[in-house]
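The values are calculated or read from the model by the stated rules, or taken from the named source; none is laboratory data. As the structure is a computational prediction, the values presented were derived from the model and not from experiment. Please note: Cβ atoms are built from the backbone with ideal geometry, for glycine as well, and neighbour counts cover all protein chains shown. These area figures cover heavy atoms from the full protein model, side chains too; ligands, DNA and RNA do not enter into them. Shrake-Rupley method; radii C 1.70, N 1.55, O 1.52, S 1.80 Å.
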Amino acid sequence: MGMGLTWAGRPPGCCACIALSPGWWPRPDCPIPSHPTQMPVSLSTALRVVGTSLFALAVLGGILAAYVTGYQFIHTEKHYLSFGLYGAILGLHLFIQSLFAFLEHRRMRAERQPVRLGRSVALCIAAYQEDPDYLKKCLLSVKRIAFPDLKVVMVVDGNGPDDTYMLDIFHDVMGSERAGSYVWRSNFHARGEGETEAGLQEGLAHVQALVRSTTYSCILQKWGGKREVMYTAFRALGDSVDYIQVCDSDTVLDPACTAEMLRILEADPRVGGVGGDVQILNKYDSWISFLSSVRYWMAFNVERACQSYFGCVQCISGPLGMYRNALLQQFLEDWYHQTFLGTKCSFGDDRHLTNRVLSLGYQTKYTARSRCLTETPTRYLRWLNQQTRWSKSYFREWLYNALWFHKHHLWMTYESVVTGFFPFFLIATVIQLFYRGRIWNILLFLLTVQLVGIIKATYACFLRGSAEMIFVSLYALLYMSSLLPAKMFAIATINKSGWGTSGRRTIVVNFVGLLPVSVWAAVLLGGLAYTAYSQDLLSDTEVAFLISGAVLYACYWVALLTLYLAMVARRCGKRKEQCGLVFAEV
């Protein structure tokens, strides 16, 4: 990857400073060194666009051909068991992803470059109806961050009487001598009730002056959504700092988190943003929060670690991320005013922030050495609504991300195609098996899903060194039964706006998410009944396979549930026993 050299007077990532590589493309403000054999920029860009487009079509076409043809390498008589090309492609994908994730972790562990502490960093905290206990833990962890002169800006989405408790907590924890606050009747894009133009301008000036002159500042403003809150912090800071770190108000930060992310950005001027390892603060509150915790670990330490190897992490999560402020200020207005199908976007703020960095040709990275703990839903319905909202932003940002495939490593193109279309292939497979297959085919599919889950879980146990990761295989059932229909529902309602989940101080139950899950369950049960009714009499061989498969499947669930009861269930509901990490003890 790059050596991180810079020349005085050159912008970060300038082509005069670093060698051209498949994962980099010069920005418009980057001077192009003259060379008699250099290809014109417009022609080179066009060739890269065509090349990556053809590559994406080739990947999709290859997977589609393997799926449609159903080519099988080996199979038993009457195809009771088989192994085909489509399965081989998916297996190879998981192997390659795991390999590069391992290599990236080895690179992280070998990193020894000292951190340059002369840079200025501002930590921006977005808050909305936060649970008082979580907010206090967040602010206490902020005070323990081992980074000199760290500026802290907390912006609260709401300025009513029900929001002032967060301001009180801020002053109690951060102290009054270095902290300043302001209750703003408006925000940057909407006037408060009865606010005049002169009052609005005065408020704008006051917010900016307060944020820039105070070490710790807290702003309560007119409600406008999370993106409005983040915009206020970014706009008020302006160019007063070198880097901006983002954080949510339900997050507990590791003392070294800031320094570790700064290390990545300072080491390579081609990197525009970096994210850290987000783990679960309340993992033992319920079964859904525990399964989310093992899924989080896989998402960050396998999927994003692999993306980081190629410099193309596609989402720097809101609880823990850092950006070059010069870049952020460059696309701030475009990021805030994002629209999709004529509607202003109000969710997927962090994913679009990452996409904006990628759109400029900068790399995005992940480091497991920067860590945090964050809250996750403990109730099934709230988790389902959260996943639906995240799926909306994923599919919307997938389309935006595709515009910049040519500026980055081909891995970004390949992985985007595979992960973007996988749910559709999976749904087609399930429907085909449940309506056109045999009972044995359905059972074999369920066994295969859990087998893949066990293989991934075994690798995770090895990589993390924790036996708890064996429960990754249980998440496969949650994905098949709930997340898969939620993804389809997300596409159907992709323009529906809102935070998606309620504030944590008052939990509001939303039953809309149950609609796609109920429809999906009806489809599967109907298919199972139809297959059982229409199937011919079973042969002796098929009966033997069915009995063996059913026993094996039952043994799997008995074993996993027994382990779950022994290792996890006894700890669930004990909120004070949240995590053994040192930085959770705040």
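What are the pairs, 6+ residues apart or on separate chains, where a residue within the stretch 296-309 that is without any contact (Cβ under 8 Å) to a residue 12 or more places away in the chain and farther than 16 Å from T374 by Cα has its Cβ under 7 Å from a residue that is hydroxyl-bearing (S, T, Y) and in a helix (DSSP H, G or I)?
Listed pairs, sorted by first residue: none to list.
Please list, ordered by first then second residue, the pairs with beta carbon atoms under 6 Å, 6 or more apart or interchain, first in the stretch 449-472 and within 25 Å of F422 (Cα to Cα), second among the basic types (K, R).
V472/K456
Would you point out the residue of the stretch 192-218, among those that are in a loop (DSSP other than H, G, I, E, B) and touching a residue at least 12 places away in the same chain (Cβ under 8 Å), that is farthest from the chain's Cα centre (by Cα)? I'd like the intermediate steps shown before the answer.
Looking only at the stretch 192-218, we keep the residues that are in a loop (DSSP other than H, G, I, E, B), and these are 192-196, 214-215.
So of that shortlist, the ones also touching a residue at least 12 places away in the same chain (Cβ under 8 Å) come out as 192, 214-215.
Values: G192: 33, T214: 32, T215: 30 Å.
The extreme case among them is G192.
May I ask you to list the residues in the stretch 357-377 that are surrounded by fewer than 24 Cβ atoms within 10 Å (Cβ to Cβ) and more than 18 Å from P319 (Cα to Cα)?
Scanning the stretch 357-377 gives S359, L360, G361.
Given the conditions (1) among the charged types (D, E, K, R); (2) farther than 25 Å from I470 by Cα; (3) at pLDDT below 95, which single one is not true for R270?
Unmet for R270, out of (1) among the charged types (D, E, K, R); (2) farther than 25 Å from I470 by Cα; (3) at pLDDT below 95: (3).
What's the number of the condition K136 fails, among (1) open to solvent by 40 Å² or more (accessible area, probe 1.4 Å); (2) touching a strand residue (DSSP E or B) at 6+ places or on another chain (Cβ under 7 Å); (3) over 25 Å from R235 (Cβ atoms)?
(2)
When the stretch 378-403 is examined, which residues are found to be surrounded by fewer than 22 Cβ atoms within 10 Å (Cβ to Cβ) and β-branched (V, I, T)?
Selection gives T378 alone.
Please verify whether the stretch 87-109 includes one or more residues that are among the aliphatic types (A, V, I, L, M) and over 30 Å from T367 (Cβ atoms). Spell out how you get there, then give the answer.
Filtering the stretch 87-109 down to residues among the aliphatic types (A, V, I, L, M) leaves 88-90, 92, 94, 96, 99, 101, 103, 108.
Okay, now just the ones that are also over 30 Å from T367 (Cβ atoms), so 88-89.
Yes, there is a match, as at least one residue in the stretch 87-109 is among the aliphatic types (A, V, I, L, M) and over 30 Å from T367 (Cβ atoms).
Could you list all residues from the stretch 231-264 that are outside any loop (DSSP other than H, G, I, E, B), open to solvent by 10 Å² or more (accessible area, probe 1.4 Å) and farther than 17 Å from I316 by Cα?
If the condition is that a residue be outside any loop (DSSP other than H, G, I, E, B), open to solvent by 10 Å² or more (accessible area, probe 1.4 Å) and farther than 17 Å from I316 by Cα, then R235 is the only one that fits.
Table: residues versus (1) at pLDDT 90 or above; (2) touching a Cys at 6+ places or on another chain (Cβ under 6 Å); (3) surrounded by 11 or more Cβ atoms within 10 Å (Cβ to Cβ).
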residue	(1), (2), (3)
G503	no, no, yes
G513	no, no, yes
Y530	yes, no, yes
Y533	no, no, no
L538	no, no, yes
G549	yes, no, yes
W557	yes, no, yes
A569	no, no, yes
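Quick one: would you say L353 is in contact with a strand residue (DSSP E or B) (Cβ under 8 Å, 6 or more places away or on another chain), farther than 29 Å from H93 by Cβ and open to solvent by less than 20 Å² (accessible area, probe 1.4 Å)?
So L353 fails the test.
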